[in-house]
Amino acid sequence: MKENGLTMGCRRVLLTAMCILLAAGFTAAACACLPLRAEAAEQEKVTRDFYAMDTVLTLTAYGDGAAEGITKAGEEIERLDALLSTARKESEVASINAASMETEGEMFALSEDSIALLTASLYLNEETGGAFDITIYPLMQLWGFPTKEYRVPSDDEIAGTLALVGSDRISFDPEEGEMSFPMKGMEIDFGGIAKGYAAERILQIFRDAGITSGLVSLGGNVQTLGTKPDGSPWKIAIQNPYGEENYLGVLQAADKAVVTSGGYERYFEENGKRYHHILDPATGCPADSGLLSVTIINDDGMMADGLSTALFVMGEEKAVEFWRNHADEFQMVLYTSDDRLLASPGLRDCFTSDNTIEWIA
């Protein structure tokens, strides 16, 4: 068995590093192609790296409040990691999962953060027809992704573990802030949405500090505040899954989240076959959807985070259909296994590529 050459956290870090080509004048942002502002005054720039949520996080802010804002953002990242990590036994999520092994039907009290995450997760689960599912954690463990003790489970093992998957079976009372599982052994993992939530929290801290221009890079999740200090839009390059030294295209934007998910980010190989970490909740196996990467551009980082995973699981046809039903809510870029680059038409003025772009009708 062979693991890809990068750790699961570092792979997403590399995705971000390649997506934010600072040396080439690329930073990050969203698709709201804004005109240049004339008052491009010099502002102090502060950049700092943190390690949390199993990845390296890079925060950049401009202006007088930059240093204070980044310091407070770092504290918030650590707080969220301590609360939500499945790997930290004392975390709220890990405690809920551990208790689920001993009992069924018990009501668990949730923090405000977990209430927000669970509310969004259950909404996405319903909207995507189950393609996004936070109860997939037992399957992730079965395949060995959390521990890196990778293995290909038997069909019987997968079928047995699938009985523990199904967000729609969670009992949730948002007013009381409580949830319960219908059966012993069910577990949750907010990993598919937590980075987007953390980015939203960080941007609010930036705003509170008086920052109007900033960048948050959380291991594959990129979110921006405003434009670059000179008034020009940020630029984000989307990595080509086939190569770490080139990219599929460049987005220009501001005040948006840009999140990319792909099966090349984290995987292992056995007997010449590659198994990636994005599991299909319907089959219990790595999603075989015909997509190599999905990039979502949205106002809300948490929604962009969850949708990038869900649409990857869906595959091209269902992803396009889903976008058509929600065209006023987000934009997307899809890259297929037969080397086709598709993009939603709302990106026409702010997405460029050396490849041929198929604009979705």
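Read the figures in this text as sums done on the coordinates, not as results from a lab. Worth saying up front: this structure is predicted, and the values here are computed from it rather than measured. Positions of Cβ are backbone-derived with ideal geometry, glycine not excepted, and every protein chain shown enters the neighbour counts.
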(request) For each of S91, S261, S111, count neighbouring Cβ atoms within 10 Å of the residue's Cβ, then give the residues from fewest to most. (result) S111, S91, S261
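So what is the relative contact order of the stretch 85-192, in percent, for Cα pairs below 8 Å that sit 6 or more residues apart? Display every interim value, and only then the final one.
Values: 145 pairs, mean separation 42.5, N = 108.
Over the stretch 85-192, the number comes to 39 percent.
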(message) If amide hydrogens are placed 1.01 Å from N in the peptide plane, which non-local residues have theirs closer than 5 Å to the one on I278?
(response) A287
(message) Check which residues have an amide H placed less than 5 Å from E106's amide H, if you skip close sequence neighbours.
(response) F181
(request) Order by neighbour count: K318, K45, fewest other Cβ atoms within 10 Å first, most last. (result) K45, K318
(request) Per residue of the stretch 303-308, in order, report the coupling 6.51 cos²θ - 1.76 cosθ + 1.60 (Karplus, θ = phi - 60°) as ³J(HN,Hα) in whole Hz, putting x for Gly and Pro. (result) 5, 4, 4, x, 5, 4
(request) Treat every Asp and Glu Cβ in the stretch 85-192 as -1 and every Lys and Arg Cβ as +1, leave all other atoms uncharged, and give the resulting dipole magnitude about the Cα centre to the nearest 20 debye. (result) 480 debye
(message) I'd like to know which of A120, P138, V93 lies farthest towards the positive end of the charge dipole of the stretch 52-152, counting +1 on Cβ of Lys and Arg and -1 on Cβ of Asp and Glu.
(response) P138
(request) Give me the distance in nm between label points sitting 7 Å out from Cα along the Cα-to-Cβ direction at D49 and N355, one decimal. (result) 2.8 nm
(request) Select from D230, D81, D288 the residue whose mean-square fluctuation is largest in a Gaussian network model of the chain (Cα-Cα springs shorter than 10 Å). (result) D230
(request) Among T119, T60, T227, determine the one that fluctuates most according to a GNM of the chain built with springs between C-alpha atoms less than 10 Å apart. (result) T119
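Return the ratio Rg/(2.2 N^0.38 Å) for the stretch 85-192, where Rg is computed over Cα atoms only. Don't skip to the end; give the middle numbers.
On the way: Rg = 13.5 Å, N = 108, 2.2 N^0.38 = 13.0 Å.
Taking the Cα Rg and dividing by 2.2 N^0.38 Å, one obtains 1.04.
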(message) Using Cα-Cα distances under 8 Å and only pairs 6 or more residues apart, what relative contact order does the chain have, in percent?
(response) 24 percent
(message) Output wanted: per-residue J couplings in Hz (rounded whole) for the stretch 288-296, from phi through Karplus 6.51 cos²θ - 1.76 cosθ + 1.60, θ = phi - 60°, x for Gly and Pro.
(response) 10, 9, x, 10, 9, 7, 9, 10, 10
(message) Suppose every Lys and Arg Cβ carries +1 and every Asp and Glu Cβ carries -1, with no other charges. What dipole size does the chain come out with about its Cα centre, to the nearest 20 debye?
(response) 1060 debye
(request) List every residue whose amide H lies under 5 Å from the amide H of Q239, counting only residues 5 or more places away in sequence or on a different chain, with H placed 1.01 Å from N in the peptide plane. (result) L248
(request) Starting at the first residue of the stretch 265-273, write each ³J(HN,Hα) from the Karplus equation 6.51 cos²θ - 1.76 cosθ + 1.60 with θ = phi - 60°, in whole Hz, x for Gly and Pro. (result) 6, 7, 7, 9, 10, 9, 6, x, 10
